[in-house]
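S.K.: Take a look at this one; I'll ask things after.
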Amino acid sequence: MTTFLDISRISKRFVTDGTVFEALNDVDLKIAEGEFITLIGHSGCGKSTVLNILAGLLDVTDGGIFLEGSQISEPGPDRAVVFQNHALMPWLDVYGNVELAVKAVFHGRKNDREMDEWIRHNLELVNMTHAMRKMPSEISGGMKQRVGIARALSMQPKVLLMDEPFGALDALTRAQLQESTMDIHRELGNTVIMITHDVDEAVLLSDRIVMMSNGPSARIGDIVDVDLPRPRRRLELAEHPDYNRCRKRVLDFLYSTNKAPSVLQHEARQQGREEAVSKPERAA
Amino acid sequence: MIFSPRFSLATVRPTGTQWLAKLLRALLFPFAGIVVFLMLWQGLAQSITTSLGQFPGPADVMHQGGVLVDEYHEQKEKAARFYERQDQRNAKKLAENPEAKVKWRTYTGKPTFLDQIIVSLKTVAFGFVIASVIAIPLGIACGLSDTFYQAVNPIIQVFKPVSPLAWLPLVTMVVSATYVTEDPFFAKSFLNSGFTVALCCLWPTVINTSVGVASIDRDLINVGRVIKLPRLTNIAKIVLPSALPMVFTGLRLSLATGWMVLIAAEMLSQNPGLGKFIWDEFQNGSSNSLSRIMTAVVVIGLIGFVLDRLMLVLQRRFSWDKAADLK
């Protein structure tokens, strides 16, 4: 049987003004249907590049992406994206933003009434029916991101791609949206690939956490399987030994084997200073 | 003190006196500015003597404004009397002989100041609409395709600073050569002025539209790609609405340019609008010519101001960016 989503040995090189920058080197990952995957790594490690390639917004240099056996070459609603900054059309209200996607995706397949029902249904999934006629500028950041999720879900995607969807939100709103995301994932059983910076978020939501090494030429450093039972409750998990084990593995990866480039620089400077102090004669 | 509710209420809600102060600032200062300006104008006007007499002060302009309105009513009455006489004459003819051929002529009196304002408004609207119909699609194309922009940009940069007076002779010759009909729907002078206005007010809309289109949020473009909008739908649903605030900024600038260009074009092409009014008064050289011209200047300014406000109202109505304020 073919893999549901096969990220097959992809590399990505950007060429700007003759200089070649290799962002990804030989990233290989097989994802089963219904899996919740998070990508975690330091800034600049190429997480977003992976997501954009999956979305079809960027081309690969080597390798390829196969969804249910067929290769991906362009963007499409089967791989809906939830953008970090929600990317709602500021001139359309909440309903209109979802409607834009539904009309484009289900053109000729649903009649007006069915489309209307489908739009309302998706807004219901994210608890936004009360604000259907509000403009994006009139609602909070968390609500905007809910609408972004509703829009993505309304495309009935095979894979839902989320690019740090909760990164710009405050902790309480983020927790709420994490709960909603888990509920929706349980209800719809969709395959989700999500980028995050937040270790707790990764452990709470994922079936597998894919940890990326630092760029340039980033690759998959390690993968943590999260075998915690679902539905997961934030408070119960805090004391679960597996939760803490997973969390520690991710933290170890991020902060000892794969420190952020800025941290490494800082340490190098510190070291240099210590050496200078230990050899005062030479410095003078 | 900070925690007492009275204190916080007082700071949040403007009190009666604060409100009054705001109102005074909104009305008093502009009013004071106008009064000082009028006084300076009066003072300076008295010290300038020309071959056509004293330079007109504010009072002369006010007086001439009244005269011009009176002339309009006078002409209207004359026209009414003319048609009345014509009706009577023709009715009488037909009564004597039902087969008789009767002629219906339109009244050809001297156009009044108010008629000329209307002609000017029609001409500028004509030029502005033509310019917009060309400029908006051109701007969108420039914003969408960098290659196209690179190709078109030098041409835009060269033609943008060209004065309307340079275009006018060319436009006149081209219109005379191409617009040949027995019964012209448009007067040639009207077309000449209109096209000259169009040529000059194209550019602000082209440039602003292309900037607006080119600076669309990448994510919004990506949304369009993910939902696979066809090219034209994409332009209609994402590109154009997104660029609309900038398009309107361009249109406002274009209309202002067009109105300024129009007066010069009308003077030279003899289009019976405000430009011709000024030119005729200048050639006429009577003792109240200067005050009539000065009246026209003030009216031109006021109309320009009103046109700009109208565009702003339109912008507010159709644009999602409510940040555009009255400036």
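The values are calculated or read from the model by the stated rules, or taken from the named source; none is laboratory data. This one's a predicted model, so the numbers in the text were calculated from it and none came from an experiment. Virtual Cβ from ideal backbone geometry, glycine too; neighbours counted across all protein chains shown.
S.K.: I'd like to check something: does the stretch A:8-18 contain any residue that is outside any strand (DSSP E or B), under 30 Å from A:L204 (Cβ atoms) and among the hydrophobic types (A, V, I, L, M, F, W, C)? Steps first, answer last, please.
M.R.: We begin by selecting, within the stretch A:8-18, every residue outside any strand (DSSP E or B); these are A:17-18.
Add one more test, that the residue is under 30 Å from A:L204 (Cβ atoms), and what stays is none.
So far as the stretch A:8-18 goes, no, none of its residues is outside any strand (DSSP E or B), under 30 Å from A:L204 (Cβ atoms) and among the hydrophobic types (A, V, I, L, M, F, W, C).
S.K.: Here is a follow-up. Go over the candidates A:S213, A:S206 one by one and state the one that is in contact with a Gly (Cβ under 6 Å, 6 or more places away or on another chain) and under 30 Å from A:L264 (Cα atoms).
M.R.: Working: A:S206 fails: in contact with a Gly (Cβ under 6 Å, 6 or more places away or on another chain).
After applying the criteria, what remains is A:S213.
S.K.: Can you tell me which residues in the stretch B:268-327 are among the hydroxyl-bearing types (S, T, Y) and more than 14 Å from chain A (Cβ to nearest Cβ)? Steps first, answer last, please.
M.R.: The first filter runs over the stretch B:268-327 and keeps only residues among the hydroxyl-bearing types (S, T, Y), leaving B:269, B:286-287, B:289, B:291, B:295, B:319.
Listed by number, the residues that qualify are B:S269, B:S286, B:S287, B:S289, B:S291, B:T295.
S.K.: Return the residues of the stretch A:19-55 that are of a type in the set (D, E) and either in contact with a Leu (Cβ under 7 Å, 6 or more places away or on another chain) or part of a strand (DSSP E or B) (or both); say none if nothing qualifies. Can you show your working first?
M.R.: Within the stretch A:19-55, the subset of a type in the set (D, E) is A:22, A:26, A:28, A:33, A:35.
Result: A:E22, A:D26, A:D28.
S.K.: Which condition does A:L58 not pass, out of (1) modelled with pLDDT of 90 or more; (2) surrounded by fewer than 19 Cβ atoms within 10 Å (Cβ to Cβ); (3) away from every other protein chain (no Cβ under 11 Å), if it passes all the others?
M.R.: (3)
S.K.: Would you please name the residue that is surrounded by the most Cβ atoms within 10 Å (Cβ to Cβ), looking only at residues in the stretch B:258-278 that are in contact with a Pro (Cβ under 6 Å, 6 or more places away or on another chain) and outside any loop (DSSP other than H, G, I, E, B)? Give the steps one after another, and end with the answer.
M.R.: So in the stretch B:258-278, the residues in contact with a Pro (Cβ under 6 Å, 6 or more places away or on another chain) come out as B:261, B:264-265, B:272.
Among the residues that remain, those that are also outside any loop (DSSP other than H, G, I, E, B) are: B:261, B:264-265.
Numbers: B:V261: 25, B:A264: 19, B:A265: 31.
Ranking the candidates gives B:A265 first.
S.K.: Can you go through B:I140, B:I155 and tell me which one is β-branched (V, I, T), modelled with pLDDT of 90 or more, surrounded by fewer than 11 Cβ atoms within 10 Å (Cβ to Cβ) and outside any loop (DSSP other than H, G, I, E, B)?
M.R.: Numbers: B:I140 fails: surrounded by fewer than 11 Cβ atoms within 10 Å (Cβ to Cβ).
Only one candidate passes the filter, namely B:I155.
S.K.: Looking only at the stretch A:75-86, count how many residues are more than 8 Å from chain B (Cβ to nearest Cβ) and among the charged types (D, E, K, R).
M.R.: The qualifying residues number 1.
S.K.: Here's a follow-up. Filter the stretch A:97-110 down to the residues that are more than 10 Å from chain B (Cβ to nearest Cβ) and over 21 Å from the mean Cα position of the chain (by Cα), then identify the one that is nearest to B:S319 (Cα to Cα).
M.R.: From the stretch A:97-110, those more than 10 Å from chain B (Cβ to nearest Cβ) are A:98-99, A:106, A:108-110; that's our starting set.
Cutting the leftovers down to over 21 Å from the mean Cα position of the chain (by Cα) gives us A:99, A:106, A:108-110.
Values: A:E99: 20, A:F106: 28, A:G108: 30, A:R109: 32, A:K110: 31 Å.
Among residues in the stretch A:97-110 that are more than 10 Å from chain B (Cβ to nearest Cβ) and over 21 Å from the mean Cα position of the chain (by Cα), the one nearest to B:S319 (Cα to Cα) is A:E99.
S.K.: Here is a follow-up. Which residues, taken from the stretch B:56-113, are touching a Pro at 6+ places or on another chain (Cβ under 9 Å) and modelled with pLDDT under 85?
M.R.: Residue satisfying the conditions is B:P111 alone.
S.K.: Right, something else. When the stretch B:197-246 is examined, which residues are found to be part of a helix (DSSP H, G or I), more than 8 Å from every other protein chain (Cβ to nearest Cβ), under 29 Å from A:M155 (Cα atoms) and without any contact (Cβ under 8 Å) to a residue 40 or more places away in the chain? Show your work before the answer.
M.R.: Within the stretch B:197-246, the first condition is being part of a helix (DSSP H, G or I), and the residues that meet it are B:197-214, B:218-226, B:231-246.
When the remaining residues are screened for being more than 8 Å from every other protein chain (Cβ to nearest Cβ), the result is B:197-214, B:218, B:221, B:224, B:231-232, B:234-236, B:239-240, B:243, B:245-246.
Now drop any that are not under 29 Å from A:M155 (Cα atoms), which leaves B:212-214, B:218, B:221, B:224, B:231-232, B:234-236, B:239-240, B:243.
The answer is B:R218, B:I221, B:G224, B:R231, B:L232, B:N234, B:A236.
S.K.: Going through the stretch B:263-291 one residue at a time, which ones are in contact with a Leu (Cβ under 7 Å, 6 or more places away or on another chain) and farther than 17 Å from B:A125 by Cβ?
M.R.: The answer is B:A264, B:L268, B:G285, B:S287, B:S289, B:L290.
S.K.: With more than 30 Å from B:S189 (Cα to Cα), in contact with a Phe, Trp or Tyr (Cβ under 9 Å, 6 or more places away or on another chain), at pLDDT 90 or above and of a type in the set (A, V, I, L, M, F, W, C) as the only criterion, which of B:L244, B:L229, B:L240, B:L274 stands out?
M.R.: On the way: B:L229 fails: in contact with a Phe, Trp or Tyr (Cβ under 9 Å, 6 or more places away or on another chain); B:L240 fails: in contact with a Phe, Trp or Tyr (Cβ under 9 Å, 6 or more places away or on another chain); B:L274 fails: more than 30 Å from B:S189 (Cα to Cα).
None of the others qualify; the one that does is B:L244.
Let's see how each residue does on (1) among the aliphatic types (A, V, I, L, M); (2) more than 14 Å from chain B (Cβ to nearest Cβ); (3) at positive phi:
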{"position": "A:V20", "(1), (2), (3)": "yes, yes, no"}
{"position": "A:V50", "(1), (2), (3)": "yes, yes, no"}
{"position": "A:L54", "(1), (2), (3)": "yes, no, no"}
{"position": "A:G69", "(1), (2), (3)": "no, yes, yes"}
{"position": "A:I72", "(1), (2), (3)": "yes, no, no"}
{"position": "A:W91", "(1), (2), (3)": "no, no, no"}
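This table checks each residue for (1) touching a residue at least 24 places away in the same chain (Cβ under 8 Å); (2) farther than 22 Å from A:F21 by Cβ; (3) surrounded by fewer than 19 Cβ atoms within 10 Å (Cβ to Cβ); (4) β-branched (V, I, T).
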site	(1), (2), (3), (4)
A:D227	no, yes, yes, no
A:R233	no, yes, yes, no
A:E236	no, yes, yes, no
A:D242	no, yes, yes, no
A:C246	yes, yes, no, no
A:V250	yes, yes, no, yes
A:F253	yes, yes, no, no
